[in-house]
Ligand SMILES: [Zn+2]
């Protein structure tokens with residue numbers, strides 16, 4: 001975060017799981033004229049404390065991190081408190097490593113344009129072979145996700161909540177995905193994706209959503225226990241207003 005000429009802090013708080021704990025911490029901060037700028041909160045489950053990371057700016061620019069720490073630890077709802085102060089308006093969050101998804105898995109944040117650049121570099125080097133590499137990578141990632149969903153939800157519940165599973169693409173920032181149709185057997189699925197992170201800004205005579213195409217198929221194959229084929233029938237790269245993926249079960253040969 002960069003706020004020129006501002007003196008602000010990042011607080012990493014562990015707080016007790018009690019109704020009203022956020023309110024009591026907020027009240028202490030507001031009484032000390034410390035403004036909350038932004039942050040993220042996770043309620044602890046299974047006896048674990050909740051965590052609250054917030055950027056704050058004291059109205060009194062002489063406030064020190066020691067004073068702030070004493071103040072916060074005086075609140076019975078605060079178990080522990082780490083504080084980092086900005087320097088010349090710049091503050092890099094080194095307190096919340098590793099970054100985690102709400103499911104608890106470690107994650108990393110990557111700029112979309114860097115990912116696009118990596119894909120483009122792979123295409124530059126391997127030409128059409130890159131499509132296969134990228135598709136295989138997506139497929140591998142999709143199978144991992146599919147296995148986790150199957151483990152967490154079971155086959156029937158995963159099929160029942162397929163629209164929610166599809167909306168995970170939006171939750172993860174990959175694109176605004178919408179389930180257009182779904183038949184469980186024989187498996188058939190159409191997903192429309194607006195503003196795909198993979199295809200935005202690309203221009204091509206062929207669809208370019210190979211990672212997401214592979215991912216969709218990987219998830220679907222793991223959950224359904226069948227083999228399929230996934231085709232991108234519309235794509236931003238072709239000038240279409242969205243990308244659309246059509247998945248069909250492979251015909252069994254006996
Ligand atoms: Zn596309």
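The values are calculated or read from the model by the stated rules, or taken from the named source; none is laboratory data. Keep in mind the model is a prediction, meaning the values are calculated, not measured. Note that we place each Cβ from the backbone using ideal geometry, even for glycine, and neighbour counts take in every protein chain shown.
Among the residues of the stretch 38-53, is there at least one that is farther than 30 Å from residue 172 by Cβ, touching a strand residue (DSSP E or B) at 6+ places or on another chain (Cβ under 9 Å) and not assigned by TED's automatic domain parsing to the domain that holds residue 171? No, the stretch 38-53 contains no residue that is farther than 30 Å from residue 172 by Cβ, touching a strand residue (DSSP E or B) at 6+ places or on another chain (Cβ under 9 Å) and not assigned by TED's automatic domain parsing to the domain that holds residue 171.
Please work out if residue 93 is closer than 30 Å to residue 200 by Cβ and either in contact with a helix residue (DSSP H, G or I) (Cβ under 9 Å, 6 or more places away or on another chain) or in contact (Cβ under 8 Å) with a residue 60 or more places away in the chain (or both). Answer is yes for this residue. For first residues located in the stretch 208-227 and over 13 Å from residue 189 (Cβ atoms), partners that are in a helix (DSSP H, G or I) and near the ligand (Cβ under 10 Å from one of its atoms) and lie 6+ apart or on another chain with Cβ distances below 9 Å form the pairs 208/236; 208/237; 208/238; 209/236; 209/237. Looking across the stretch 239-254, the residues that are within 15 Å of the ligand (Cβ to nearest atom) and touching a strand residue (DSSP E or B) at 6+ places or on another chain (Cβ under 9 Å) come down to 240, 241, 242, 243, 244, 245, 246, 247.
Residue 128 meets each of the listed conditions (1) modelled with pLDDT of 90 or more; (2) loosely packed, with under 14 Cβ neighbours inside 10 Å; (3) in the same structural domain as residue 195 (by TED's automatic domain parsing) apart from (1).
Of the residues making up the stretch 102-111, those that are at pLDDT 80 or above and in a loop (DSSP other than H, G, I, E, B) are 105, 107, 108, 109, 110, 111.
Only a single item in (1) farther than 26 Å from residue 237 by Cα; (2) in contact (Cβ under 8 Å) with a residue 40 or more places away in the chain is not met by residue 135, and it is number (1). If only residues of the stretch 71-94 that are part of a loop (DSSP other than H, G, I, E, B) and loosely packed, with under 13 Cβ neighbours inside 10 Å are counted, the one that is farthest from the chain's Cα centre (by Cα) is 74.
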